Amino acid sequence: MDDEKRNELKKIIMDTKTLPTLPGVVNKLNTLSENDKSSVQEMAKIVSSDQALSARILRLANSPSYGFYRVSTISNAMILLGVNVVKSLALSSSIFEIMEKNSVGLWEHSLGVGVAANLIARKLGLPECEEISTAALLHDIGKVIISLKCSDAEREIHRVIREKRVYSWEAEREILATDHAEVGNWLAKSWFLPDKLSEPIAYHHDVTLSENHRIKTSVVHMADVIIKASGFGNSGDYFVPQIQKEAWNALKLDDQLMVEIVEELEDKLVEVKNFSLELQGSDATTG
Amino acid sequence: MQKIPLMLTKEGMVLARDVFRNDSATGIPICGKGTVLTESLITRLDHMDVQSVYVSGHPVWADGDRSLEDMLQDLDRRFEKVRHDSLTTKLYDIYVKYLKRSMGDDGGRREAE
């Protein structure tokens, strides 16, 4: 019964006709990036031809989730963030747009987790910090899809969270027989995101399921826990998840590191709040 | 740490962040974090069109600002499902200490170190 419900839902959710539109640019970008001979400049030119998309990508590239500021051109963004990151930002930019407007709490939560993940990754000296930030920005993308595709179910989910005082994934499983991590994974798969992005999205609640990218998944897990501890943004429920021992061990965390991470993160979150308020302010004046 | 309009700054407050011209976080800072504000410094910042600064601690209270007790209560509420877990409780303890220090009445001197 639950399996049936789940498959039914998967069909509805993955119905590409009503999925947030993939800019045509992204397909061209996919073809180009598979070709070894194509240059960053060529790819940047393709993205730049879509002005609205470029604007959204640059806005995300300049968000506090990445360490650098003032990325002013798409080719800079590609060099600094990597083609993969820009590609996934292009894919998710339409979703982010919806999130910024309709779900400021979730948008702030995602930005916050992006910032926290970047901070942890840098502090631990991990490779591919930008990919980790992107995975963190996208980790709750399943929630946006659920809200887009099943708004009635979403209301039910919120009611269950309030009445039973459970985590959002518990409420989602009760109502939908799946949860936002799995839905996010379906989406990541249908967009052909690399598994270094899809694994953290799929397994940020249980890092032991992550086979190839346990470290990246653990960073996103920890970042999610810390942001919820901080009370920054609103991810749907306010309960701090339990830190998974496996994640803690995979990252070789200790008490002193955690103190430093919290301290530096809280300092940065002031900026993140301002960034988010600025975006909402500019949206209010332009649209 | 708290962001307040320059108008509300008082002698003795400690800058929690570098101050930049025109409030933009680029270029060379005109006054470093950790600096203790004086009347003449505040006047100079005013002449340079600085609108607001970050100061240590929580020296200015406005309507709607939440007290340390409120914040600690919210923290307890957020952690209510995981207090049995020793790892997650470590994070709880770190946050309790952090909140107490950042809201503390030591004028934020330790934060500026």
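The values are calculated or read from the model by the stated rules, or taken from the named source; none is laboratory data. Since this is a predicted model, take the numbers as computed values, not measurements. Ideal geometry is used to build each Cβ from the backbone, glycine not excepted, and the neighbour counts take in all protein chains shown.
This table checks each residue for (1) in a helix (DSSP H, G or I); (2) charged (D, E, K, R); (3) touching a Leu at 6+ places or on another chain (Cβ under 6 Å).
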{"residue": "A:A44", "(1), (2), (3)": "yes, no, no"}
{"residue": "A:L53", "(1), (2), (3)": "yes, no, no"}
{"residue": "A:R56", "(1), (2), (3)": "yes, yes, no"}
{"residue": "A:Y66", "(1), (2), (3)": "no, no, no"}
{"residue": "A:S72", "(1), (2), (3)": "no, no, no"}
{"residue": "A:S75", "(1), (2), (3)": "yes, no, no"}
{"residue": "A:M78", "(1), (2), (3)": "yes, no, no"}
{"residue": "A:A117", "(1), (2), (3)": "yes, no, no"}
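Determine whether B:L75 is over 17 Å from B:I4 (Cβ atoms), in a helix (DSSP H, G or I), in contact with a Lys or Arg (Cβ under 7 Å, 6 or more places away or on another chain) and not basic (K, R).
Values: over 17 Å from B:I4 (Cβ atoms): yes; in a helix (DSSP H, G or I): yes; in contact with a Lys or Arg (Cβ under 7 Å, 6 or more places away or on another chain): no; not basic (K, R): yes.
So B:L75 fails the test.
Would you pick out the residues in segment A:121-176 that are over 19 Å from the mean Cα position of the chain (by Cα), closer than 25 Å to A:E8 by Cβ and either among the hydrophobic types (A, V, I, L, M, F, W, C) or surrounded by 24 or more Cβ atoms within 10 Å (Cβ to Cβ) (or both)?
A:C150, A:A153, A:I157, A:V160, A:I161, A:V166, A:A171, A:I175, A:L176
Name the helices (runs of 4 or more DSSP H) wholly within segment A:193-259 that hold at least 3 residues that are within 12 Å of chain B (Cβ to nearest Cβ)?
Answer list for segment A:193-259: A:214-230, A:245-250.
Yes or no: segment B:81-102 includes at least one residue that is touching a Gly at 6+ places or on another chain (Cβ under 8 Å), within 8 Å of chain A (Cβ to nearest Cβ) and not hydrophobic (A, V, I, L, M, F, W, C).
yes
Out of all the residues in segment A:204-227, which are surrounded by 23 or more Cβ atoms within 10 Å (Cβ to Cβ) and free of Cβ contacts under 8 Å to residues at least 24 places away in the same chain? Don't jump to the end; show me each part of the working.
Taking segment A:204-227 first, the residues surrounded by 23 or more Cβ atoms within 10 Å (Cβ to Cβ) are A:204, A:207, A:210, A:213, A:216-227.
Matches in segment A:204-227: A:S210, A:H213, A:V225.
In segment A:56-64, is there at least one residue being hydrophobic (A, V, I, L, M, F, W, C), at pLDDT 80 or above, under 20 Å from the mean Cα position of the chain (by Cα) and surrounded by fewer than 13 Cβ atoms within 10 Å (Cβ to Cβ)?
Scanning segment A:56-64, I find no residue that is hydrophobic (A, V, I, L, M, F, W, C), at pLDDT 80 or above, under 20 Å from the mean Cα position of the chain (by Cα) and surrounded by fewer than 13 Cβ atoms within 10 Å (Cβ to Cβ), so the answer is no.
Looking at segment A:221-240, is at least one residue among the charged types (D, E, K, R) and either at pLDDT below 95 or touching a Gly at 6+ places or on another chain (Cβ under 7 Å) (or both)?
Residues of segment A:221-240 among the charged types (D, E, K, R): A:224, A:228, A:237.
Cutting the leftovers down to either at pLDDT below 95 or touching a Gly at 6+ places or on another chain (Cβ under 7 Å) (or both) gives us none.
The answer is no; no qualifying residue exists.
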